[in-house]
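What follows draws every value from the coordinates through simple rules; no lab data is involved. This is a predicted model, so every value here is computed, not measured. Virtual Cβ from ideal backbone geometry, glycine too; neighbours counted across all protein chains shown.
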Amino acid sequence: MSRQSNRRSGKQQIGTELFILTYGTLVAQLCEDCKKDEDINKVLDKMGHNIGTRLVEDFLARSNIAQCRNFYETAEVIAKVAFKMYLGVTPRVTFWNQAGDDCSLFLEKNPLTDYVEIPDKHSNLLYSTIICGILRGALKMVHLQVDIQLLQDSVKDNKITEIRMKLMRRHKAVRKVEKEQKYSVGT
């Protein structure tokens, strides 16, 4: 049994490392292809969003977690389970507002930024913005509209990566049966 779990964690680590190396190459190519850093940031956010919408199914299947009751629990699951599962790190969840719908994730070690140096001409590049897109896409799939911003990026002389998450609203899930009844012929 332990051999299988070691293999699985070894494969996961290789997958994470491959993603990080591939991501660095992708960002370098975008720097060559795009004229403005803002355009690169938009592409990275959109790519992250697309990844997040697909990744959430894998996460839910592999983590076997129960439905979160509030945004606080959601943020804790993201930090303690999702980040650990996919990037091998656990951010701190802190700076909650009184309403409990706004917090920061602090990554003291951001594996995306290992071995990365941003050229001076790309001072507005938000290298880790793909994480924001992934979170936004995944949370959208579980019916949460969340504003997510990269406030600090460890690749830019900061010692920490800070991601701010603000719950905008919860969407009610439309049951497939109700939807089918609504559009069925003859009703």
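Considering only Gln29, Gln98, Gln149, give the residue with the highest GNM mean-square fluctuation for the chain, with springs between Cα atoms whenever their separation is below 10 Å. Largest GNM mean-square fluctuation: Gln98.
Projected label points at Asp114 and His171, each 7 Å from Cα along the beta carbon direction, are separated by 3.5 nanometres. Please build a GNM for the chain, connecting alpha carbons under 10 Å apart, and tell me which residue among Pro111, Pro119, Pro91 fluctuates the most. In this elastic network of the chain, the residue with the biggest mean-square fluctuation among Pro111, Pro119, Pro91 is Pro119. Comparing Lys84, Lys159, Lys35 in a Gaussian network model of the chain, where Cα atoms under 10 Å apart are tied by springs, the biggest mean-square fluctuation is seen for Lys35. Shape annotation for the chain: C-alpha extents along the principal axes are 63, 48, 39 Å, from largest to smallest. Taking the Cα centre of the chain as origin and assigning +1 to Lys and Arg Cβ atoms and -1 to Asp and Glu Cβ atoms, the resulting dipole is close to 960 debye. First measure r as the distance between the Cβ atoms of Lys35 and Lys156, then evaluate 1/(1 + (r/R0)^6) with R0 = 25 Å and state the FRET efficiency to the nearest 0.05. Calculated value: 0.80.
Computed from backbone phi, the HN-Hα couplings of the stretch 119-125 come to x, 4, 5, 10, 5, 9, 6 Hz, rounded to whole numbers (Karplus: 6.51 cos²θ - 1.76 cosθ + 1.60, θ = phi - 60°; Gly and Pro given as x).
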